[in-house]
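**Student:** Once you've had a glance at the structure underneath, I'll fire off some questions.
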Amino acid sequence: MRVIGLMSGTSYDAVDAAAADLSAEDGTLRLTPLGMVGEPYPDDVRAALAAALPPAATTMADVCRLDTRIGQSFARLAVRADRELCEGRAELVASHGQTVYHWTRDGRVEGTLQLGEPAWIAEGSGCPVVSGFRPRDVAAGGQGAPLVSLIDLMLLRGRPGVPAALNIGGIANLTVVPSGGDPVAFDTGPGNALIDAAVREVTGGRLAYDEDGALAAAGRVHHPLLERLLAEPYYRMPWPRTTGKELFHRDYLRTTVAGPAFAALPPEDLIATLTRLTATTIADALRPLGATEVFASGGGVRNPTLTAMLRAELGPAALRTSDELGLPAAAKEAYAFAVLGYLTLHGLPGNAPGCTGARGPRVLGSITPGRRPLRLPAAPSRAPHSLIVIP
């Protein structure tokens with residue numbers, strides 16, 4: 001089955017599409033990557049999204065407009081991916097949507113909201129669309145994240161030592177497979193979120209991110225500020241735990257660096273310190289789990305200053321990329337949601353309860369029919385336990 005996975009992460013700068021040919025047999029899911037395409041959000045959509053995200057106030061009219069415009073952006077890319085990657089023969093689209101809010105209270109997730117109306121995707125592509133993956137896990141008592149942990153487990157099982165998967169988007173998350181123990185997955189804290197916010201702040205919006213880690217490389221870590229940042233209670237919460245830009249946003253950054261002690265801090269030192277914060281909190285999360293190899297993906301992998309800091313913090317644990325597992329670092333999450341969409345269409349669970357904290361396995365998401373009558377395929381004789389990527 002040819003499936004297109006659509007993803008826009010917590011950096012909310014672009015939509016990515018990855019296409020895959022998927023088939024299941026004897027408990028193994030086989031994935032043949034067909035390629036990836038991406039497009040930035042239109043400037044007005046990105047500006048409206050940034051203006052509506054916490055801690056900003058918004059209206060239901062704003063939410064309606066964003067839901068539509070984001071859905072239309074996803075639809076355009078789905079049509080392009082079908083044409084360029086699937087020869088017009090895509091059979092399913094799986095859309096993560098754009099997370100705009102993750103409602104947590106006292107360490108428990110009460111709700112989660114992803115925008116990007118799937119009807120636009122179904123109308124444009126003609127394919128059935130699976131969307132709204134996270135709420136079912138939340139309804140079952142889970143964190144709704146990280147959902148890619150199921151795919152990580154399928155990829156990492158059987159590897160020697162204690163393998164881990166790490167995604168560094170706006171928020172960083174990991175999955176660890178201890179030898180002989182239960183898997184663990186959670187959000188470690190900010191990935192690029194605070195770095196990006198600081199870059200926009202110090203450049204007056206001229207730059208959106210620290211390209212090639214150049215600003216951080218030119219600065220020095222300010223250790224008193226780093227210690228203040230590390231005092232954030234989130235880092236000491238037990239797992240499973242999840243977070244987002246409802247915590248780590250521009251105003252959080254402004255409040256944290258306020259005061260005379262940091263007022264004269266050079267911009268490069270601020271960026272270097274925030275980059276070290278990301279590396280430190282990831283390594284601090286991995287260290288007690290005994291990870292021996294870490295396969296990284298996401299936009300943070302393109303920041304050599306961040307990866308160098310992370311490599312130094314990890315010590316003996318080898319830092320690699322998901323490319324070594326067959327999934328390009330830039331497209332891994334889009335491929336993961338293609339897999340989750342495939343599982344949903346076949347009536348199979350898409351969460352890993354031990355990782356998200358849900359009460360049990362659940363079939364995730366909702367299905368929006370395409371142009372043809374919806375006919376669900378027969379489920380495999382047993383749910384896939386492993387994932388093989390075929391070059």
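Where a number appears in this text, it was derived from the coordinates with a stated rule and is not lab data. Here the structure is a predicted model, which means the values were calculated and not measured. No Cβ is skipped: glycine too gets one built from the backbone with ideal geometry, and neighbour counts run over all protein chains shown.
**Student:** Convert each backbone phi in the range 236-247 into a coupling constant with the Karplus relation 6.51 cos²θ - 1.76 cosθ + 1.60 (shift: θ = phi - 60°), then list the ³J(HN,Hα) values in order as whole Hz, x for Gly and Pro.
**Tutor:** Ordered by residue, 3J(HN,Hα) equals 9, 6, x, 8, x, 9, 9, 8, x, 6, 5, 10 Hz.
**Student:** Same structure again: Enumerate the amide H contacts of Thr321 below 5 Å, restricted to partners 5 or more residues apart or on another chain; note that Pro and chain-start residues carry no placed amide H.
**Tutor:** Ala296
**Student:** A follow-up question, please. At a 10 angstrom cut-off on C-beta neighbours, averaged per residue, how do the peptides 276-283, 211-218, 119-126, 229-236 rank from highest to lowest?
**Tutor:** Values: 276-283: 23.6, 211-218: 18.4, 119-126: 21.4, 229-236: 14.5.
Ranked from most to least packed, the peptides come out as 276-283, 119-126, 211-218, 229-236.
**Student:** Quick check on packing: order 355-366, 146-157 by the mean number of other C-beta atoms within 10 Å, highest mean leading.
**Tutor:** The peptides rank, most packed first, as 146-157, 355-366.
**Student:** Please work out the C-alpha center-to-center distance from the range 144-207 to the range 56-92 and express it in whole Å.
**Tutor:** Rounded to whole Å, the Cα centres lie 25 Å apart.
**Student:** Applying a 10 Å radius around every beta-carbon, put 305-318, 339-352, 39-52 in order of their mean neighbour count, most first. Display every interim value, and only then the final one.
**Tutor:** On the way: 305-318: 18.0, 339-352: 23.5, 39-52: 14.7.
For the peptides 305-318, 339-352, 39-52, the packing ranking is 339-352, 305-318, 39-52.
**Student:** Output ³J(HN,Hα) for the range 339-344: one whole-Hz value per residue in order, computed from phi by the Karplus curve 6.51 cos²θ - 1.76 cosθ + 1.60 with θ = phi - 60°, and x for Gly and Pro.
**Tutor:** Taking θ as phi minus 60°, the curve returns 5, 4, x, 4, 4, 4 Hz for the range 339-344.
**Student:** Separate question: Roughly how far apart, in whole Å, are the Cα centres of the range 333-391 and the range 254-275?
**Tutor:** 44
**Student:** If you fit an axis through the alpha-carbon atoms of helix 304-314 and take the longest principal axis of the Cα set of the chain, what angle between them do you get, 0 to 90°, nearest 10?
**Tutor:** The two axes meet at around 90 degrees.
**Student:** Report the net charge of residues surrounding Ala165, where surrounding means a beta-carbon distance below 14 angstrom and charges are Lys +1, Arg +1, Asp -1, Glu -1. Walk me through the numbers before you get to the answer.
**Tutor:** Values: positive: Arg157, Arg159, Arg320, Lys332; negative: Asp152, Asp187, Glu293, Asp323, Glu324, Glu333.
Charge balance in the 14 Å sphere: -2.
**Student:** Let me know the shape class of the range 280-329, please: from the alpha-carbon gyration tensor, a ≥ b ≥ c as square roots of the eigenvalues, rounded when a/c is under 1.5, otherwise prolate if a/b is greater than b/c, or oblate.
**Tutor:** Since a/c reaches 1.5 but b/c is at least a/b, the shape of the range 280-329 is classed as oblate.
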